[in-house]
Amino acid sequence: MENETNPLGNDIKAVVFDCDGVMFDSAEANRRYYDAVLARFGKPPMDEQDFAYAHMHTAFETLERLFGSGEGLKKALKAAKDLTYFPFVRLMRMEPYLMHLLTWLKPNYHLAVATNRTNTMDAVISEHGLTGFFDLVVTSMDVKAPKPDPGQLYKIMEAYSLSGDQVAYLGDSVVDEQAARTAGVKFVAVANPNLEADVHIKMLVEMEDILGRP
């Protein structure tokens, strides 16, 4: 049944999720990982500005911010590769209601992920029991540039032959907002009232009422 008051319209065919801050609270995992890399070089833990930056950007961009360019960055990238993020995946906390929402959406919508993570998404999905929910997972490794470049969303739209008004993208940061705006998709801001969005929600549970029963 169509939801006549749906602020996203009634043409949504795909629901796309950012990972960090939307599907998972990854704050502890990310902080411990980057602090561990910093500690290998005798550097202090990340400050709050660095932490906020890491939340929105790729591992390369974050390490470049923390270590600068040149030889320092090369050494940091090697240390990060040797350390590997995978042991920290289990520290990520799944957002309440995510599994229920995915189960509810799956029969009627294409489900995808658009994230600035690199090579860790397969492990995240497997570790947290999400295998089989997403038709397509697009990371920063799958496109020419990370968000805010819209390439991830364009890739998803092309895969399903969808227009922007048929895609709802759930994100929590300014890079998500910018990517959604450029791609022309419907943007749902999650727990961030400072973003410009078609819809604002505090928790994922609200999506069921917004989309209504298909």
Segment 18-45, residues that are under 19 Å from T115 (Cα atoms) and in a helix (DSSP H, G or I): A27, E28, A29, N30, R31, Y33, Y34
Among the residues of segment 122-133 satisfying the criterion of being within 20 Å of H100 (Cα to Cα) and in contact with a Phe, Trp or Tyr (Cβ under 9 Å, 6 or more places away or on another chain), which is surrounded by the fewest Cβ atoms within 10 Å (Cβ to Cβ)? E127
Could you tell me which of the residues T115, T103, T131, T84 is out of contact with any helix residue (DSSP H, G or I) (no Cβ under 7 Å at 6 or more places or on another chain), modelled with pLDDT of 95 or more and either in the same structural domain as L63 (by TED's automatic domain parsing) or not hydrophobic (A, V, I, L, M, F, W, C) (or both)? T103
Segment 46-92, residues that are assigned to a helix (DSSP H, G or I) and more than 22 Å from C19 (Cα to Cα): L66, F67, E71, G72, L73, K74, K75, A76, L77, K78, A79, D82
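Of the residues L101, L105, L136, L91, which single one is more than 19 Å from A180 (Cα to Cα), surrounded by fewer than 18 Cβ atoms within 10 Å (Cβ to Cβ) and in contact (Cβ under 8 Å) with a residue 24 or more places away in the chain?
Values: L101 fails: surrounded by fewer than 18 Cβ atoms within 10 Å (Cβ to Cβ); L105 fails: surrounded by fewer than 18 Cβ atoms within 10 Å (Cβ to Cβ); L136 fails: more than 19 Å from A180 (Cα to Cα).
Answer to the check: L91.
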Quick one: in segment 161-204, which of the residues that are among the hydroxyl-bearing types (S, T, Y) and in contact with a helix residue (DSSP H, G or I) (Cβ under 6 Å, 6 or more places away or on another chain) is nearest to N108 (Cα to Cα)? Y169
Collect the residues in segment 109-129 that are in a loop (DSSP other than H, G, I, E, B), without any contact (Cβ under 8 Å) to a residue 60 or more places away in the chain and on the phi < 0 side of the Ramachandran plot, keeping them in residue-number order. N119, T120
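The values are calculated or read from the model by the stated rules, or taken from the named source; none is laboratory data. Given the structure is predicted, the values throughout are model-derived calculations rather than measurements. Glycine gets a Cβ as well: all are built from the backbone with ideal geometry, and neighbour counts include every protein chain shown.
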